[in-house]
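Please read the structure below before turning to the comments.
Please treat every number below as a calculation from the coordinates, not as lab data. Quick caveat, the model's predicted, so the values are computed rather than measured. Heads up, the Cβs are rebuilt from the backbone with ideal geometry, glycines too, and the neighbour counts pull from every protein chain shown.
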Amino acid sequence: MIDIEPIRGLAERAADNVERVIVGKRDVIDLLLVALLCEGHVLIEDVPGTGKTMLAKSLARTLDCSFRRIQFTPDLLPSDVSGVSFFNQRSQEFEFRPGPIFAQVVLADEINRATPRTQSALLECMEERQVTLEGETRALPRPFLVMATQNPIELEGTFALPEAQLDRFLLRLAVGYPSEVDEHVMVQRFRGGSPLDELPAVVSADELARMQRAIRQVHVGEAVEDYIVRLVRASRLHASLELGASPRATLALYRCAQAFAALNGRAFVLPDDAKRLAPAVLTHRVITSAQSRLRGRSAGDVVSELLASVPVPVE
């Protein structure tokens, strides 16, 4: 059986380090580590000022990874993301100038402000971890994590993410406002300057790669596997949903449950692991029907119904 303690120890060390900057959001940090261990990407939907950029920078510093931020705007071009080939008059040859996507942690800020054409430039990057330009394919660095943000309130001048794009995100999270106590701690901690400036790297890329390989050995029993499949398939039959979760969602929930179990010091997955992660994995992958939207029911409400209706295995 897999030795889970080294994974748990490294993950705790990384989460503790990020918490030196991001106060009172351990559950969000843990889910971000789940995505990282599964080699997935994260969509953070929250209002400005809740620490989304700081969270991405803190994670990059913790892992000693390169970090780039892309500010998505309506005039952003695909080449501004992936890079461009230009003619060097000195060498009389074409050279490739890599775009900001060639970093290990990429923050796609306000991704829904870019046009669909520019958004689609991320599809190959996120799924295949490569960029193809002018017939030449270039691999992206590893580890590779895209953290995209969008403002759920301000919709003017935005372009809704298509289903194909949303399905590429492993998890959708919300940071949320801190509690009153945490906000006092935050003010005191930032009084003398940003703790991000002195944040050390505590996990190497090699250690992270070993953790990513190891979580695939976390045991998933037949009953838990059946529960995950039944939960996702139930979304395709629900009367309030126009579009249910894809088979990619099944694999995503399976992998996330393995990573979440490892972070909690277990070499086996419990049904509660899948149940805990289902809202973050499934909500952005389903589309409610027009009648449901008129009644004010959200995708999150329907996923909660699914979790209540699908029996949880007890053995």
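Here are some notes:
- Stretch gain in nm, segment VAL314-VAL181, where the contour uses 0.36 nm per residue and the Cα spacing is subtracted: 44.1 nm
- Placed amide H near THR288: partners under 5 Å, 5+ positions off or other chain: GLU242
- The distance separating the Cα centre of region 290-315 from that of region 186-206 comes to 39 Å.
- Inter-site label distance for GLU127 and SER298 at 7 Å from Cα along Cβ, in nm: 2.8
- Here the simple spin-label model places points 7 Å from the Cα toward Cβ, and for ARG142 and VAL84 these points are separated by 3.2 nm.
- Positive-pole candidate from VAL281, ALA252, LEU241, dipole of region 218-315, charges at beta carbon: LEU241
- When the Cα positions of GLN291, PRO98, PRO162 are compared along the charge dipole of the chain, GLN291 comes out farthest toward the positive end, with charges on each C-beta of Lys, Arg, Asp and Glu.
- Check: region 88-168 dipole with +1 on Lys, Arg Cβ and -1 on Asp, Glu Cβ, in debye: 260
- If R0 is 35 Å, the Cβ-Cβ spacing of GLN217 and ALA290 corresponds to a FRET efficiency of close to 0.20.
- Were the residues from ARG13 through PHE190 laid out at 0.36 nm apart, the gain over their Cα-Cα distance would be 61.6 nm.
- Each Lys and Arg contributes +1 and each Asp and Glu -1, all at the Cβ; summed about the Cα centre of the chain, the dipole is approximately 140 debye.
- Positive end of the dipole of region 103-244 (Cβ unit charges, origin at the Cα centre): among LEU171, GLN217, THR132, the Cα lying farthest that way belongs to GLN217.
- Taken about its Cα centre, region 218-315 carries a charge dipole of roughly 380 debye when the Cβ of each Lys and Arg holds +1 and the Cβ of each Asp and Glu holds -1.
- Computed [θ] at 222 nm, deg cm²/dmol, the chain (DSSP H ≥ 4; -39,500 (n - 2.57); rounded to nearest 500): -12500 deg cm²/dmol
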